[in-house]
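Chemist: The structure follows.
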Amino acid sequence: MRLAEATEAGNRAKQAAVKLLDNLQRKKPGTMIDTDFDRVEAAAFDLERRASAACDAAKRCGKSAEFGGEIERLKRQAQSWLEYVQANRAAHRDTQVQQLQALLLR
């Protein structure tokens, strides 16, 4: 159950990033872009929290080996979103778009 919640949080983070990319490409005002960056960041923190909860639950159930790979993937995904936000929030719009496109393709 915790892994499913973390997976759904990963989907929400990706959806937030897609919305950010769309608004960047449409050259929406900076205030909208700031809100989109905040949304991606919040979704990434939620993903990180839920992946940690899934890890704890897997350990308690003795299923760490079974679910460990997926949990680690989700943790890396959360870290990637957070790093993107930190590195690109104040970057030039073209850089923001290029970096986000590359991240979404991974």
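The values are calculated or read from the model by the stated rules, or taken from the named source; none is laboratory data. Just so it is clear, the model here is predicted, and its values are computed rather than measured. Positions of Cβ are generated from backbone atoms using ideal geometry, with glycine treated the same way; all protein chains shown enter the neighbour counts.
Chemist: Please tell me if Ala42 is of a type in the set (A, V, I, L, M, F, W, C), in a helix (DSSP H, G or I) and under 9 Å from the mean Cα position of the chain (by Cα).
Modeler: Judged against the criteria, Ala42 is a match.
Chemist: Across region 51-106, what is the total count of residues that are in a helix (DSSP H, G or I), of a type in the set (A, V, I, L, M, F, W, C) and without any contact (Cβ under 8 Å) to a residue 12 or more places away in the chain?
Modeler: Number of matching residues: 4.
Chemist: Here is a follow-up. Only one of these conditions is not met by Lys14: (1) more than 18 Å from the chain's Cα centre (by Cα); (2) among the basic types (Lys, Arg); (3) surrounded by 13 or more Cβ atoms within 10 Å (Cβ to Cβ). Which number is it?
Modeler: Answer for Lys14: the failing condition is (1).
Chemist: Another question, if that's okay. Leu21 versus (1) over 17 Å from the mean Cα position of the chain (by Cα); (2) closer than 17 Å to Arg93 by Cα: which is the lone unmet condition?
Modeler: Answer for Leu21: the failing condition is (1).
Chemist: If the requirement is being under 25 Å from Met1 (Cβ atoms) and exposed (fewer than 14 other Cβ atoms within 10 Å of the Cβ), which of these qualifies: Ala65, Ala51?
Modeler: None of the other options fit; the residue is Ala65.
Chemist: Sticking with this one: Among Ser64, Ser52, which is the only one that is of a type in the set (Ser, Thr, Tyr), over 17 Å from Gln15 (Cα atoms) and modelled with pLDDT under 95?
Modeler: Ser64
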